[in-house]
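Take a look at the structure set out below.
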Amino acid sequence: MSESEETSSSELGKRISDAKAALEPEKPSAGQAQAMASVWRMTLDMVIGTAFGFAIGWGLDSLFGTKPILMVVFGLLGFAAGIKLVMDEAKRMNERARDE
């Protein structure tokens with residue numbers, strides 16, 4: 001190989017590695033990952049709490065024949081429980097941010 005071929009080969013290798021580095025997404029920091037996990041947890045708390053409340057209400061309505069009163073009541077109670085869990089998690093996030 002001549003010197004010019006080695007130079008162009010090393011230049012090509014550098015350009016390829018630069019292009020690969022530019023295409024790689026940035027990895028989130030530990031704080032960002034923890035915040036994303038907390039947001040997902042809050043979302044799931046809301047959805048699961050509401051769904052669980054509706055399920056309990058539906059079951060009790062079927063048992064007692066009071067459709068849809070208990071389903072609505074327990075659905076709202078599940079939603080309220082989800083809100084409380086979200087507020088508790090937000091409070092914990094604020095405390096963690098203040099400690100840092």
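Coordinate-derived values only; no laboratory data. Note that this is a predicted model, so its numbers are computed, not measured. All Cβ positions, even for glycine, are placed from backbone atoms using ideal geometry, and neighbour counts span all protein chains on display.
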- Task: Obtain the nm distance between the two label points defined at E11 and A97 by a simple spin-label model: each point lies 7 Å from its Cα along the Cα-to-C-beta direction.
- Result: 5.0 nm
- Query: Taking K84 as the anchor, which lysines have their alpha carbon closer than 28 Å to its alpha carbon, excluding any fewer than eight residues away along the same chain?
  - Reply: K67
- Task: Would you work out which of S17, G53, A35 lies farthest towards the positive end of the dipole of the chain, given +1 charges on the beta-carbon of Lys and Arg and -1 on that of Asp and Glu, about the Cα centre?
- Result: G53
- Task: Return an integer: the convex hull volume of the alpha-carbon atoms of the stretch 30-99, in Å³ per residue.
- Result: 55 Å³
